[in-house]
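Reviewing the structure listed below.
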Amino acid sequence: MNRIFESKEEFKELYLSSVTSLSGKPFEMTSDFDRFQALVKLVASKARSVQTETEKRVHDTGQKRVYYFSIEFLIGRLLDNYLINFGVRDLVAEALKEMGSNLETLEEYEPDPALGNGGLGRLAACFLDSMAHEGIAGYGNGMRYRYGLFKQEIVNGAQHETTDDWLVHGYPWEVRRQDKAVRIGFGGHVVGTEENGRMRYHTEGTDDVLAVPYDIPVVGYGGNTVNKLRVWSAEPVEEEFDLDAFNAGDYAKAQAHRAEAEAISAILYPNDAGEHGRLLRLKQEYLFVAAGINSVLDTFRKEHGSDWKLLPQYVAIHTNDTHPAMCGPELMRVLVDEENLEWDEAWDITTKTISYTNHTILPEALEKWPISTFSKLLPRVYQIIDEISRRYNAAFDRSQDGWQDRLRQTAILWDGEVRMANLSVICSHSVNGVAKLHTDILERETLKDFYALTPQKFNNKTNGISPRRFLAEANPSYAKLITEAIGTGWLDDAAELSKLEAFEGDPAFLERVGASKHENKVRLANYVRRECGLAIDPNSIFDVQVKRFHAYKRQLLNIFKVMDIYNRRIADPNFRVAPTTFIFSGKAASSYTFAKETIRLINSVANVVNNDPRVNEVMKVCFIPNFRVSNAQLIYPAAEISEQISTAGMEASGTSNMKLMMNGAITLGTMDGANIEIVNLAGAENEKIFGLTAPEVDELRASGMHFAWDMYNADPDRLGRVIDELTDDTFAALSGNFESIYNELMNGNDHDLVMKDFASYVQAWEELTQGYSDRMDWNRRALHNTACSGWFSSDRTIREYRDEIWGA
Ligand code: GL9
């Protein structure tokens, strides 16, 4: 462990001088905010000196550099994480206490950057953590959104979006690198000139903006490697402040130029709502790709000159989903137009350098752009895509039966659109899915024609999570217990968590596992009281579903279960229910009506259930607003049931399933995404699986059967009743009924098979919760889940990427 402070005394001395020099006040007169700022500045400066050493090591040894391009990085708060990774958390906490401060209080001042939507963005952040831990020279490249996604508030049960002004107090971790700014051109027209018998192209008349990088240090556990995350902000190229307009009192006009440039990095678009017409999104994608490629090549040039054929040996560029799909054409553009390479040589270099991860099979999430929009905004990049496409088509093997269909399926340009997923596959040497089932589905269905052509490109990399963030940091009491039992090795190598299996038969230890869980439940209950004004009982089962709202994730199925149990309990007060708190949290895309209505339904059910004394002894429903990394860290450790109930075949992987498993929750789920690997690792008897399987779902959908009314009629007392309650005012008090959900189910034939899985789901829940009374056995299962969760460490995932894709 490379500790940044040798002793409390050393820390105190440095910290005192950091606080006073930064605030200009004597220590006693400084505020908690001053102290927070000074602490971050001190840790950041220590991190930067390790970063300098890392950089020297990478340079001297000629280590391969990996660039992870992602439009989202959901990094969460960094202070506690970095203190843990530098091995000084306890030392700093104690020293601060002696100085009259409290580490946890100071940590509350750190903003939680909303630079992501959900799993995909958090995965990118866990990967940065693991790359640094594994000593990989790995760098994030993304966008610095001024307002991130949005802040979620609940008004009359419904989601309201407000701006998330996360930068309002500044962000002490970042360093602005004006000297590394890159000019990015949009629009204009392509001009070709002949040069030594060959055409060379450039673009004239562009509208330029400046991409300005901000660097954030990434500290690896062990403190030996500090990498960086570089995020780009869009600004005007030069200050074109219109003084005449200003003096004439037209302040808006005076600043119009600046506002237009800044709009590009103003907000993160929700990625799960049909946002595809959005020109700004396309500009964002090009901006962070072009600026990123520029900075990658700059670094390469400094180390290796213009020997471009060495690029794949020293550089790997990984594209996280299709948003950075322009990496291929942009790299081609620079190599061919600016570096004057022949097309074939540039293409060989490009495809050997780039790799691609697919994160979803949802067709609406596989990006497509109208050619007309694309070619106008990025004329030269479009020409290059057109040339890649032309050569792809020309070289296509026409000897196989059905080649026409295969070419149509894999084409980049089709039906007036640029298909970004196909572009990504064609420009990459590796294509991976994020869980075993997902990769199988890619190979068999979504990308089956590519798989038939180039099976060797395809591979699986099941997702992972950082055990430092989601166990050590989020769950200190459990982490302490684990360390007492098996030492600290699990922080380095989470596979060591399997040593916990030896304690599964130790009643005293299981008692302590339960006590730690209880402590975490009390902590969450306190948060819920503060944030929602709701009292929840830490002695009830905490049943948790936290994730983005989406039809296929079926939060609707979960709340139907709650409605059913409520109805049955009201009808029969002797109906036995294990006392449970049903906890939900997550955001819905602002334009996604069905998802927002589901949130409103949950809150409306909560309003009825929580105020009904007939059921309050046994049930409460709690929606925690504004789900983000910081409150997620309170929720996962308190969970006992992990709801992973997506329609089978739809959830590529899921990662909250792993976070909850590591924290000792039992999975109640379908055979979908990484749930399958969870069951394989921990044993089906230690989870609770229900519902249709992926092949059954396929078959049912393919049959074209209309079953919604049959399901309704077959079970009038329970399912039928729940459906009726969507429109009969039972839950309408807050802000009305739920006709649109009713129509979606009954007239839309229940696309996500909520009604089909209802009975087996509720039954599974009842069976699972009946087991809660045997607390010793429950705690054993919880511990067993933690013991088997080590494989889900993102360190394991990253080593697989390193060895099988990046060769780093
Ligand atoms: C997602 C998948 O839906 C998840 O199943 C998967 O775990 C993550 C990470 O691989 O990627 N793909 C995707 O577009 N999102 C995912 O979470 N969406 C969001 O991040 C909102």
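Could you work out how far apart the two model spin labels at Ala535 and Trp403 are, taking each label as a point 7 Å from the Cα in the direction of the beta carbon, and quote it in nm?
According to this spin-label approximation, the distance is 7.6 nm.
What is the calculated FRET efficiency for Glu161 to Lys309, with r their C-beta to C-beta distance and R₀ = 30 Å, to the nearest 0.05?
Once the sixth-power term is evaluated, E becomes 0.05.
Answer with one residue from Ile723, Leu753, Cys622: the one whose Cα lies farthest towards the positive end of the charge dipole of segment 467-792, charges on Cβ with Lys, Arg +1 and Asp, Glu -1.
Of Ile723, Leu753, Cys622, it is Cys622.
Evaluate the charge dipole of the chain about its Cα centre and quote only its size in Debye, nearest 20, assuming +1 on the Cβ of each Lys and Arg and -1 on the Cβ of each Asp and Glu. Kindly include the intermediate steps, with their values, before the conclusion.
Working: 87 positive and 119 negative charges, 174 e Å.
Roughly 840 debye for the chain.
Check the straight Cα-Cα distances from Lys253 and name the aspartates and glutamates below 13 Å, setting aside those fewer than 8 residues away within the same chain.
Output for Lys253: Glu240, Asp242, Asp244.
Using the per-residue mean of other Cβ atoms lying within 10 Å as a proxy for protection, in what order, highest first, do the peptides 135-141, 658-664, 340-346 fall?
Highest-to-lowest ranking by the protection proxy: 658-664, 135-141, 340-346.
Could you please state how large a percent of the accessible area of the chain is carbon and sulfur, counting protein chains only and using a 1.4 Å probe?
Here it works out to 48 percent.
Where does each of 505-511, 127-133 land if you order them by average Cβ count within 10 Å, highest first?
The most tightly packed comes first, giving 127-133, 505-511.
Put a dot 7 Å past each Cα toward the Cβ at Glu696 and Thr488; how far apart are the dots in nm?
4.8 nm
With a 1.4 Å probe and all protein chains left in place, how much accessible area per residue does segment 1-54 have, in Å²?
Each residue of segment 1-54 exposes 51 Å² on average to a 1.4 Å probe.
Which value, in Å² rounded to 10, gives the accessible area of Tyr314 with a 1.4 Å probe and all protein chains present?
Approximately 50 Å² of Tyr314 is accessible to the 1.4 Å probe.
Given the Cα atoms of the chain, and with Rh set as the inverse mean 1/r over their pairs in the Kirkwood sense, what is Rg to Rh to two decimals?
0.97
Past 25 Å, Cα to Cα: identify those pairs from Lys283/Lys368; Lys309/Lys457; Lys480/Lys561; Lys56/Lys180, in the order given.
Distance filter (> 25 Å) returns Lys480/Lys561.
How much length would be gained if the chain were fully extended between Met199 and Asn526, taking 0.36 nm per residue of separation minus their Cα-Cα distance, in nm to one decimal?
110.9 nm
As a test of the formula, what do you get for the chain when each DSSP H run with n ≥ 4 contributes -39,500 (n - 2.57) and the sum is divided by the residue count, at 222 nm and rounded to the nearest 500 deg cm²/dmol?
Estimated from H runs of four or more residues: -13500 deg cm²/dmol.
What aspartates and glutamates sit close enough to Lys620 to cross-link, taking a C-alpha to C-alpha distance under 17 Å and skipping anything fewer than 8 places away on the same chain?
Glu531, Asp537, Asp543, Asp564, Asp612, Glu640, Glu643, Glu766
Could you give P(r) for segment 647-687, binned at 10 Å from zero, as whole percent values over all Cα-Cα pairs?
Computed distribution, short to long bins: 31, 62, 7.
Compute the semi-axes of the equivalent ellipsoid of segment 664-792, taking the square root of 5 times each eigenvalue of the Cα gyration tensor, and list them largest first in whole Å.
33, 20, 13
Can you tell me how much longer the chain between Asp774 and Phe707 gets when fully stretched, taken as 0.36 nm per residue apart minus their C-alpha distance, in nm with one decimal?
20.2 nm
With a/c under 1.5 counting as rounded, go ahead and sort segment 445-550 into rounded, prolate or oblate using the C-alpha gyration tensor (a ≥ b ≥ c being the square roots of the eigenvalues; past the cut-off, prolate if a/b is larger than b/c, else oblate).
oblate
Please enumerate, by chain and number, the lysines with C-alpha under 16 Å from the C-alpha of Lys12, excluding those fewer than 8 residues away in the same chain.
Within the straight-line limit of under 16 Å, Lys12 reaches these lysines: Lys41, Lys46, Lys97.
Classify segment 467-792 from the C-alpha gyration tensor, please: rounded if a/c falls under 1.5, else prolate or oblate depending on whether a/b exceeds b/c.
Cα axes put segment 467-792 in the prolate bin.
So, by mean Cβ neighbours within 10 angstrom, what's the order for 484-496, 61-73 with the highest one leading?
In decreasing order of mean packing, 484-496, 61-73 become 61-73, 484-496.
What nm value, rounded to one decimal, do you get for the distance between Phe33 and Arg176 when each label is placed 7 Å out toward the C-beta?
About 1.9 nm separates the two model spin labels.
Multiply the residue separation of Thr52 and Met1 by 0.36 nm, subtract the distance between their alpha-carbon atoms, and state the gained length in nm to one decimal. Intermediate values should be presented prior to the final figure.
Numbers: separation 51, 0.36 × 51 = 18.36 nm, distance 1.75 nm.
In short, 16.6 nm is gained.
How large is the accessible surface per residue of segment 467-792, computed with a 1.4 Å probe and reported in Å² as a whole number?
Per residue, segment 467-792 has an accessible area of 34 Å².
Quick one: go through segment 786-800 and flag any residue whose amide nitrogen is under 12 Å from the point 7 Å out along the Cα-to-Cβ line of Glu504.
Counting only backbone N, you get 786-789.
The values are calculated or read from the model by the stated rules, or taken from the named source; none is laboratory data. On a predicted model such as this, the values are computed, not experimentally measured, just so you know. Virtual Cβ from ideal backbone geometry, glycine too; neighbours counted across all protein chains shown. Remember, those area values only see protein heavy atoms, side chains included, never the ligands or the DNA or RNA. Shrake-Rupley method; radii C 1.70, N 1.55, O 1.52, S 1.80 Å.
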